[in-house]
1. Mind counting the residues in the range B:24-38 that are in a helix (DSSP H, G or I) and either at pLDDT 85 or above or surrounded by fewer than 17 Cβ atoms within 10 Å (Cβ to Cβ) (or both)?
2. Quick check: anything in the range B:168-177 among the basic types (Lys, Arg), surrounded by fewer than 18 Cβ atoms within 10 Å (Cβ to Cβ), within 13 Å of chain A (Cβ to nearest Cβ) and closer than 19 Å to residue A:127 by Cβ?
3. For the range B:167-192: of the residues being over 22 Å from residue B:257 (Cα atoms) and of a type outside the set (A, V, I, L, M), which is nearest to the chain's Cα centre (by Cα)?
4. Please state which one of B:333, B:353 is of a type in the set (Ser, Thr, Tyr), modelled with pLDDT under 90 and either over 29 Å from residue A:131 (Cβ atoms) or buried (at least 20 other Cβ atoms within 10 Å of the Cβ) (or both).
5. Return yes or no: is residue A:168 touching a strand residue (DSSP E or B) at 6+ places or on another chain (Cβ under 6 Å), under 20 Å from residue A:44 (Cα atoms) and modelled with pLDDT under 95?
6. Criterion first (within 23 Å of residue A:320 (Cβ to Cβ), of a type in the set (S, T, N, Q), out of contact with any His (no Cβ under 8 Å at 6 or more places or on another chain) and at pLDDT 90 or above) does residue A:287 satisfy it?
7. For the range B:206-219, name all the residues that are touching a helix residue (DSSP H, G or I) at 6+ places or on another chain (Cβ under 9 Å), more than 14 Å from every other protein chain (Cβ to nearest Cβ) and free of Cβ contacts under 8 Å to residues at least 40 places away in the same chain.
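The values are calculated or read from the model by the stated rules, or taken from the named source; none is laboratory data. Keep in mind it's a predicted model, so treat the numbers as computed, not measured. Quick reminder, even Gly has a Cβ in these numbers, built from the backbone with ideal geometry, and neighbours come from all protein chains shown.
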Amino acid sequence: MTLDTADTALFTFAKPTDLILEIPPTEDAQKFSPIATCYQTYINQLCLSAILPWLQEDFSPQAQPAFNTAALPSIWEFVNGCAIRIANKRLILIPSEAIDISELRVPQEWIDIPSWVGDYYLAVQVEPDAGWVRIWGYSTHEKITTVASYQPSDRTYSLDASQIFSDISSLAVVQRLCPEEPTKSPLPLLPTLPQQQAENLIARLSNLNVITPRLAIPFKLWGALIEHGGWRYKLYQRRLGLPEQWSILEWLQKGVSQIPQQLGWVTLEMQTSMALARSSEQIPPQTVLSRHLLIAGQAYELRIIPQGDAQQRIWRFELQNATVGVSIPGGFKLRLLSEDLQPFPNNEDTATTAVEKLFVEVALEPGEGLVWEIEPVPDNYDQEILRF
Amino acid sequence: MHTRQSIIEIFSSFVQFEADRFSSWATDAKLRRSMQRCVNLSPQIDSLQTNSDHFWAVYWYKIWLSQAASVQPTSIAKGHLSAYLQEPCYWEAKKTTASFSSNQYTLSDCFQIAISQIDRVLKNYDVNQGFVLKKYATVIFSSAIRETLRQRHEVDICTPWGLLRKISQKRLIESLQTAGLSSTIIDTYVLAWNCFKTLYIPKQATVTRQLTRPNNQTWEAIAELYNSQTQQPQNPDTLERWLLNSAVAVRNYLYPPLTSINNSSSGQDSVEWIDNIPANEQDSLISEIIAQEEEESRLDQQAEINQVLMSAIDQLEPQAQKIIQFYYGKGLTQQQIAQELEMKQYTVSRRLTKSRESLLQKLAQWGQEKLHISVNSDLLQNTTIVLEEWLQNYYNPPRLPSSLE
């Protein structure tokens, strides 16, 4: 790509402590369409596409976004920034279009939501016209919580350029020589929202007259709302005018909806064990739902299987290793919770020793929502509210 | 430009530009008297030490530090340090105009960009890290000149609307402050700007610099959003005027005018330096610095550092070594290096980052092993300065004091 004079100026005056990366050409106009409601999504996509290859080449091939790729638009709709997992550290990319590099402005969500917090925060200048990004410094959660100044007007923490570690080369060095450098400040957990309150908030924020949802309600409530993957998706769906994506009955009839499909949900035709036992009879195979998960480095499968007949509304959740014959290690747990993450009787199955499967069966009211959880936590786990 | 010789001169005179060239050194009388007094106060001190400009730099820096809380922009300590840093500033400006030939910026222009960083230099300088203030300042000046010139290029190809989308809130506020607006007015401008940024989104993927004026419908929406957040509603025309003014302020911010200290033809009075240091404080500070002076140990470490870094460079791949040589030695830009080595400019940036990573690591490891300094991001911030300083000096040994322009 030929660079015009302004961008030649970039390399003419580039400081040795900056890193300039090319945005891969395939990422431009195609991703940005009027349907992509969000310019912020576009900028974050450019930033991620330029930086992830560098992290994979120079730091670790395992570097990946900390959220499922399909989940990222639901974050960028509301908040600027992208979390990346490298080894046991989290990097938060903070893109900005600002030409000047006077400050690093980090949205409060990445500092005060416990499960979103990062170790390092990278300051990234994005230049969409010319197709490059510039990493001009980094900071740590600990530094930001102690030194940055909080800006209530847009709920960001602002660090002056002089307070930032300006040499990007030192990030790799500190990882190699001092990986145990303290980077995070302790944080209180956010209060859990009762379901009715969450629904009221979502209803309020779904109104497109609320131009910036993240500024419209107190942060404690906002943080709790978007930390819950199911509620965040719900708000995202409503604001974009998308149909309900997590209706299990619809999945079984018409196939898995678009977003959950991107997360990995599929329908399977299965012969139930009952049908196999009476192999002489023609019993039609059953449609079940399946999702593959990566847990502690191994592939597992979560299945949702309708039990009995439609009137009874009994559902069976099963977890097993994706490889036939391999069992689930002792200590694993499969757990179901209400929408607002409350337990109920018999909601959990634990592997006291290695077992072939974990399962939980529930009877549900029409329209009831459930969240599933597994211990240990699967990679890129994000709550989803399955509606029955 | 001839370099200054006497301690008194070094801490009391300022570069004078005429027709964008060095014309003379102008001495500030008050600073000269103050410096004379200091030199007279210390006849009992070994003359070798008090002649070292570094000694007096540390002295004035400590005085400045002890007064920093009382916010004296024109304290005499700062005056002395500003005078002291005239030369490194001048050399950096000269280097820039020599490397990047262009009629878009002048020597005095670059000088002014750098010298306006003095506050930042003093605020972030840490005398305990063993840096020589002059060398630390040089790294900051060099970085500031490059960054400002790059930003000017960016700003020059943007329409006002594109520019407004591409600045940080901090830069906006600083520009408006420099333009002389009151903080109340600045608050209203910032609110208008935030409403503008929220509602005016680029429609095409790669047209952000050349953004056109928002249409009237968008202006109505911006005004509505603005009015919903304030007690004093405004109409769209006013908001548009404010934003255009802001764009002008932002552009002007990158072109600081030459301050009167360095502009002999400006006709303005020189700065009134405020001298409020208690006399006995000076005496005890001088003794204290002498006691702490670790000149010898610093020279020893310097030899070891040379060893560590020279061998680290030898261990780089040949192409990486070339890039380092071209960049620090020949002073080529990354663009020129790319042409010379027939590679993409992006590749030069990446290789340079990787090479510096390797050098930084060896230097940090040496510090860890020999000096038992534990490595963390804070330390590496300083190690970077040491590395930059070393790379500049290794390939470009400093000029001898007797050289003339």
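1. Looking only at that region, the number is 9.
2. The answer is no; no qualifying residue exists.
3. Here the answer is B:168.
4. Result: B:333 is the single residue among B:333, B:353 that is of a type in the set (Ser, Thr, Tyr), modelled with pLDDT under 90 and either over 29 Å from residue A:131 (Cβ atoms) or buried (at least 20 other Cβ atoms within 10 Å of the Cβ) (or both).
5. So residue A:168 fits the description; yes.
6. no
7. B:216, B:219
This table checks each residue for (1) away from chain B (no Cβ under 14 Å); (2) of a type in the set (Phe, Trp, Tyr); (3) touching a strand residue (DSSP E or B) at 6+ places or on another chain (Cβ under 6 Å).
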residue: A:53; (1), (2), (3): no, no, no
residue: A:65; (1), (2), (3): yes, no, yes
residue: A:88; (1), (2), (3): yes, no, no
residue: A:95; (1), (2), (3): no, no, yes
residue: A:130; (1), (2), (3): no, no, no
residue: A:143; (1), (2), (3): no, no, no
residue: A:150; (1), (2), (3): no, yes, yes
